[in-house]
Every structure is written in C-alpha cells, then in structure tokens.
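Here is the structure we will look at, set down as structure tokens.
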Amino acid sequence: MLPSVARTTRLVPDTSGRSAGALMVGTIKGATPRARLRRRLLSAGGASGLLRLAPARASITEVPGSDSLHRHLEDIFGQRLTMAVHLGPPRANRKPVLHLVDHRGTTVSFVKVGINELTSSLVEAECGALLRLEACDLVALETPRVLHAGSWNGRPLLAQSPLAGVVGVMPTDAHLSNAMVEASTALGVGQETVSTSAHLERLSASVAALASTHRDGLLRGLGQLRAAHEHVVLRTGSWHGDWTPWNMTATSERVRVWDWERLAEGVPLGMDALHFDMQRRMRASKADPSLIARATLAERDRLLAPWGVSGVQATATAAIYLLTLGARYAHDGQDRAGARLGKLDQWLLPALDTLLVHDPPVNG
C-alpha cells in the first residue's frame, strides 16, 4: 500500500520479477535525474521481491465462486497478467485505474472500472470520446486506443492502450498549443453569442437543478455574465475538460494525452489552456486558490492567443470556463468528497466576481 496505509493511493503486488518491478516504476513521475534514479531503485526493489518486507500491506482474498476481476481481464487479453491499482487523491470522481503488465514487464493496458453512478458515467463517456477521436486525423495529438469496452459485475469497464513516455514530461509551448488547438477543432467549429450559447443553456439548467450551497453563487455568476457580455461572439469547439501536466506526456513530435472522460463540445475555444495553466499553478503552490485563479485569469489574453481570442472575448471565455468548472465540482460533490478545490465559495466564486464585476475589460 503506497505511500502508506494512511495515505494509500496505489496498490502494488508484493511478488518478484520484471512485472513487479515495472509496476513500481509507475509510482514515480517526471524526467529529472532524481526521478530517474528513484525509478531505477524502485524497479530493482520490486523485481527482487523486497516489497514483501514492507509493513504497509493488505491481503486481498477472492470469494469462492465470484467473478474475479483479475481473471476476467486475463480472459480478455488471453494471457497471464500482473496488476497494480491506482486510486488517486480523495475526490468525488475517484475510481480505480488498473495497470496491467505481462511477464516481461511490458504494459499491456490501463483499465478503468466504474464503482458508482458518477464514475460509471465517466467511464462510458470516455469510451465514446476515445472512439470519436480515433476517427479523427490527428497530427499534433495522440490519444489512447480502446482495446476493450465491456462490463464487470454490472459496472462499465474500459481497457485502453498505453501511451509511451514519462508522465510530466512537458512539451514546448508551441507543441502544447498546437495539440490543444487540434483537440479543440478536431470535432468541428461553430460560432454563437453568449446570449445564444447552447452550452450556457445546458449549464444554467444543470446549476438550477443543484441541491448545493453553491447553487445561488453560480446562478448569480451566470446572470452577471449574460448582463455584461450577451452580445459577445465566441467561436466554439471541443475541450478535453481536464488537461493537466499529470494527464499527458510528450515526444519531439506529438503530445500524448489521456483521461478524456470530460470531453465536451460546443464550448468556447481555448478553455483547455486556461485549465492547464490554473491546475499547474494549483499543484505547484499552497497559496490561496483564489489568488492562483486570479493569476491565471490575468493571463487570459496570452493563454487564449493561439485561438485569436482577446479582450471581451477572452473575459467571456474565462468566465464560462470558471462557471463550467464550478458546476462540475458542485454536481459531483467535490466538497463532500474532501477535494481541495471543492469549496467554491472560498476561491472560484470570488475569482469569478472579480473577473465580471470588479475588473471589467475594456471594449474590444
């Protein structure tokens, strides 16, 4: 149980051999010399069986006659597999991601399994998103392939191909922008005003249906946006929805991105750039999240420049991004799940108020 019993985010087998060593490597991210050294040490420790001496252990026993997930996956892939389980930090959309390797230590697949209504809907949504993207002629961007889509014990199961590379290896700014622009336009581009936005109509209905303390604040933000920017024209397309440094890696030619469960269409172009910048700042700093959000918003013209968006269009796009993210967090119950950014009234709503009321843009 890694890194400890109290803060378990990953379960790895305490067996020995190449497969165990390969699964240990997945616990360390980044391409720094220190990260590479830690990966080599962990790989050697896992392969030698030293994990059997670790105190933080759990025993998993199959119930006789049950449908074992491990056996189910071995039947799908037609070979013996060793498995690690990544759990991630506490949040409403937390679900197991299974890392499967063969006897040589080669990664065969990453598998997601729904465990409740929310996570099941996300697994199904990601399957549909990946199949749609597979049909696109992508150049700057690479996405996982769907290896298997089915169910296990009544819950959806999605097996994806691995994307080679070390998590957290950053592309150049130009490569990242090219990949984000491609992702935003691959499924088509449209145009609409704030007052006629189909995305905002859906967002308004979703917020109105919330039984959350954040409902009134989000409705107020929607009203402020429409009052100030109803005639602003925006080009629309798609966005990944959660593009972060830990959901991607890069080569000299392409940016490889996974976790497409939040793919959505009909949103203002460039929202991925805002999200990437803000989430990177949030991960790197323990500062007040509202200050971090405002730092990203202050850079909105620069971040949205690859789409030719600036001025009032950039302000409207940034506001729609915050409202979209806030509605998602409130709907998913991130506050109840203990997520750091779940308390919208402490950071997102004040940042939105500053953007729309206290820091209005000049016309342009």
Single residue of Arg235, Arg283, Arg256, Arg294 found to be surrounded by fewer than 17 Cβ atoms within 10 Å (Cβ to Cβ), charged (D, E, K, R) and outside any loop (DSSP other than H, G, I, E, B): Arg283
Pair list, Cβ under 7 Å, 6 or more apart: the stretch 330-350 residue more than 12 Å from Gly221 (Cβ to Cβ), other residue open to solvent by 20 Å² or more (accessible area, probe 1.4 Å) and aromatic (Phe, Trp, Tyr): Leu341/Tyr329; Gly342/Tyr329
So Ser184, is it in contact with a Leu (Cβ under 6 Å, 6 or more places away or on another chain), hydroxyl-bearing (Ser, Thr, Tyr) and under 30 Å from Pro156 (Cα atoms): yes
All positions within the stretch 297-325 that are among the hydroxyl-bearing types (Ser, Thr, Tyr) and open to solvent by less than 20 Å² (accessible area, probe 1.4 Å): Thr315, Thr317, Tyr321, Thr324
Residue list for the stretch 204-219, filter: surrounded by 12 or more Cβ atoms within 10 Å (Cβ to Cβ) and either free of Cβ contacts under 8 Å to residues at least 60 places away in the same chain or touching a strand residue (DSSP E or B) at 6+ places or on another chain (Cβ under 9 Å) (or both): Ser204, Asp216, Leu219
Residue satisfying condition, being over 22 Å from the mean Cα position of the chain (by Cα) and among the β-branched types (Val, Ile, Thr), within set Thr213, Thr236: Thr213
Matching residues, the stretch 238-250, being part of a helix (DSSP H, G or I) and either open to solvent by less than 10 Å² (accessible area, probe 1.4 Å) or of a type in the set (Val, Ile, Thr) (or both): Asn247
Filter result for Gln334 (under 15 Å from the mean Cα position of the chain (by Cα), more than 30 Å from Ala164 (Cα to Cα) and either buried (at least 20 other Cβ atoms within 10 Å of the Cβ) or among the small types (Gly, Ala, Ser) (or both)): yes
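The values are calculated or read from the model by the stated rules, or taken from the named source; none is laboratory data. Just so you know, these numbers come straight off a predicted model, no measurement behind them. Cβ atoms come from the backbone with ideal geometry, glycine included; neighbour counts cover every protein chain shown. Ligands, DNA and RNA are excluded from the accessible area calculation, which covers all protein heavy atoms including side chains. Shrake-Rupley method; radii C 1.70, N 1.55, O 1.52, S 1.80 Å.
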